[in-house]
Amino acid sequence: MEQVDLGVIGAGPAGMAAATIAATAGLSVVVLDEQPAMGGQIYRAVASGGAARTDILGKDYLEGAGLAQDLQASTARHLTEAVVWDIAPQEGGVAITYSHKGIPARIEAKRLLLATGALERPVPLPGWTLPGVMTAGAGQILLKASGMVAPRAVLAGSGPLLYLLAVQMARAGSPPLALIETQSLRDQLAAAPRLAGGIRGWRILIKGLGLLAELRRHGIRRITGARDLEVIGTGRAEGLRFSAQGRAQEIACDTVLLHQGVVPNTQASRALGLAHDWHAGQRAFVPRTDGWGESSHPGIFIAGDGAGIAGAKAAAVAGQLAGLQIACQLGALDRAARDAKAQPARKTLDAERSIRPFLEAAYPVAAQILCPADKTLVCRCEEVTAGDVRHWAGLGCKGPNQTKAFGRVGMGPCQGRYCGLTVTEILSHSHNLPHSQIGAYRIRMPLKPVTLGELSTVNAPEDAEEGHPK
């Protein structure tokens with residue numbers, strides 16, 4: 001079994017930065033990532049040709065190229081298409097089990113960094129399961145990885161990502177038909193008092209204003225304060241119906257890209273039993289970490305959006321801080337050197353995080369998404385509706401884990417990734433209890449679907465010549 005100082009799960013900005021820092025300090029580092037190339041979601045394909053589309057994706061995308069180059073130049077080993085499905089704390093570190101192209105393997109690491117990033121919040125509304133409906137993030141993945149743009153698309157929801165994607169689509173020659181936004185002028189005004197506290201993040205505000213100006217130059221229609229969104233169509237998406245400006249409206253389209261912000265991907269941290277807290281602004285559970293990213297379990301670190309949404313730049317500097325502390329704990333860096341290197345990173349991280357309370361208030365999750373109508377599917381895997389969950393609540397179901405017994409919700413292939421928060425929201429509203437008391441799904445290993453063959457051969461001796469289990 002391979003033994004290393006640091007195992008990093010995820011090769012996004014946090015994972016790349018942490019691995020580079022730790023490897024530069026002299027630690028042995030392995031980065032395990034499911035994707036075919038480093039970069040994560042935000043910098044997807046940046047090291048494999050994506051940088052050629054900088055004129056479409058924007059200059060910020062190039063920051064990922066620098067992180068990727070630094071990692072490639074370091075001694076850290078980056079393993080692509082590695083699906084981690086089991087993490088087991090043990091004396092002196094953790095055992096990480098993964099499959100690489102279907103072949104299972106295991107490494108032991110003295111320290112573990114979870115850099116698993118974020119997931120897009122599920123957007124359960126009528127018609128969201130129709131073909132032709134995707135998340136805005138999926139639309140951006142198509143653009144980054146393949147240069148493809150969804151045709152005749154409507155962008156609907158709330159959050160700055162919609163502006164960025166709309167501008168990128170326009171630059172690529174296929175602007176969206178419209179942006180249908182659920183946040184209102186009232187939300188913007190209510191968020192205004194928080195703007196002063198986020199002044200250190202003024203660059204993000206300038207960037208946002210620039211995107212809005214470019215939207216106007218491209219003539220992209222924006223409608224705010226939209227309610228009662230519904231994707232319409234027979235067999236596939238054919239349009240979006242909604243209410244705004246006091247009347248019902250409808251836009252014909254071929255693709256609907258939905259977005260209501262992103263939330264931390266906590267599957268691995270949940271499965272490890274780490275402490276989590278409810279974050280009211282992000283309306284999600286976030287892992288409890290210290291100023292270096294160390295979790296409630298000593299030796300296990302979390303950095304990037306998986307520890308709380310703050311953006312790509314914040315993720316990178318959080319990864320640097322985690323890498324510095326890990327190097328210090330393992331004796332590769334003394335405290336004075338650690339603190340000196342950490343000072344500029346902390347300053348940047350504080351500035352990036354300062355704007356988040358304003359953005360969270362200005363672009364809140366729509367009420368329709370937090371409390372979907374009874375007939376709306378919330379668990380796509382098991383075809384469970386919001387009404388089903390409310391009915392179970394009336395029968396005495398108190399928490400998400402009990403809903404599994406009532407109707408298998410959360411037990412499908414996604415393992416609760418795309419219904420968990422919605423179920424928590426519905427139960428919290430039904431029982432009039434705080435989200436922290438309702439809780440979240442209890443996640444168990446394996447983290448990803450795994451075959452019986454992989455399970456049966458993970459501990460088998462390896463053939464030295466072929467590298468396959470005997």
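The values are calculated or read from the model by the stated rules, or taken from the named source; none is laboratory data. Predicted model only: the values in this text are computed from it and were never measured. Cβ placement follows ideal geometry from the backbone for every residue including glycine, while neighbour counts extend to all protein chains displayed.
Observations on the structure shown:
- Pairs with Cβ under 6 Å, 6+ apart, first in segment 189-204 and in contact (Cβ under 8 Å) with a residue 12 or more places away in the chain, second of a type in the set (S, T, N, Q) and in a helix (DSSP H, G or I): 198/354; 200/354; 201/354
- For segment 266-284, a residue qualifies if it is over 25 Å from residue 326 (Cα atoms) and either in a helix (DSSP H, G or I) or in contact with a strand residue (DSSP E or B) (Cβ under 9 Å, 6 or more places away or on another chain) (or both), and the qualifying residues are 278, 279, 282, 283, 284.
- Scanning segment 23-33 for residues that are within 13 Å of residue 78 (Cβ to Cβ) and not in a loop (DSSP other than H, G, I, E, B) returns 23, 29, 30, 31, 32.
- Annotation note: of 10, 66, 58, the sole residue that is within 21 Å of residue 314 (Cα to Cα) and touching a Gly at 6+ places or on another chain (Cβ under 7 Å) is 10.
- Selection status of residue 37, farther than 26 Å from residue 119 by Cα, hydrophobic (A, V, I, L, M, F, W, C) and either free of Cβ contacts under 8 Å to residues at least 60 places away in the same chain or part of a helix (DSSP H, G or I) (or both): no
- Test: residue in segment 92-101 that is surrounded by 18 or more Cβ atoms within 10 Å (Cβ to Cβ), more than 20 Å from the chain's Cα centre (by Cα) and polar (S, T, N, Q): yes
- Entirely in segment 109-159, the strands (runs of 3 or more DSSP E) that have 1 or more residues that are among the hydroxyl-bearing types (Ser, Thr, Tyr): 133-135
- Checked against the criterion of being buried (at least 21 other Cβ atoms within 10 Å of the Cβ), more than 20 Å from the chain's Cα centre (by Cα) and in a loop (DSSP other than H, G, I, E, B), segment 243-260 has at least one qualifying residue.
- Among the candidates 143, 113, 179, 125, the residue that is at pLDDT 95 or above and under 14 Å from residue 255 (Cβ atoms) is uniquely 179.
- Failed condition for residue 182, given (1) of a type in the set (Val, Ile, Thr); (2) more than 23 Å from residue 40 (Cβ to Cβ); (3) surrounded by fewer than 22 Cβ atoms within 10 Å (Cβ to Cβ): (3)
- Only one of 232, 220, 251 that is in contact with a Lys or Arg (Cβ under 6 Å, 6 or more places away or on another chain) and touching a residue at least 24 places away in the same chain (Cβ under 8 Å): 232
- Some residue of segment 4-14 being assigned by TED's automatic domain parsing to the domain that holds residue 319 and either in a helix (DSSP H, G or I) or without any contact (Cβ under 8 Å) to a residue 24 or more places away in the chain (or both): yes
Condition check ((1) under 12 Å from residue 124 (Cβ atoms); (2) in a helix (DSSP H, G or I); (3) at pLDDT below 95) across all residues:
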| site | (1), (2), (3) |
| --- | --- |
| 374 | yes, no, no |
| 381 | no, no, yes |
| 393 | no, yes, no |
| 397 | no, no, no |
| 405 | no, yes, yes |
| 413 | no, no, yes |
| 421 | yes, yes, no |
| 429 | no, yes, no |
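- The residues on offer are 188, 183, 140, and the sole one that is of a type outside the set (A, V, I, L, M) and over 24 Å from residue 244 (Cβ atoms) is 140.
- Residue 283 being among the basic types (Lys, Arg), at pLDDT 95 or above and more than 24 Å from residue 151 (Cα to Cα): yes
- Residue in segment 268-279 that is outside the structural domain of residue 32 (by TED's automatic domain parsing), closer than 20 Å to residue 31 by Cβ, in contact with a helix residue (DSSP H, G or I) (Cβ under 9 Å, 6 or more places away or on another chain) and modelled with pLDDT of 95 or more present: no
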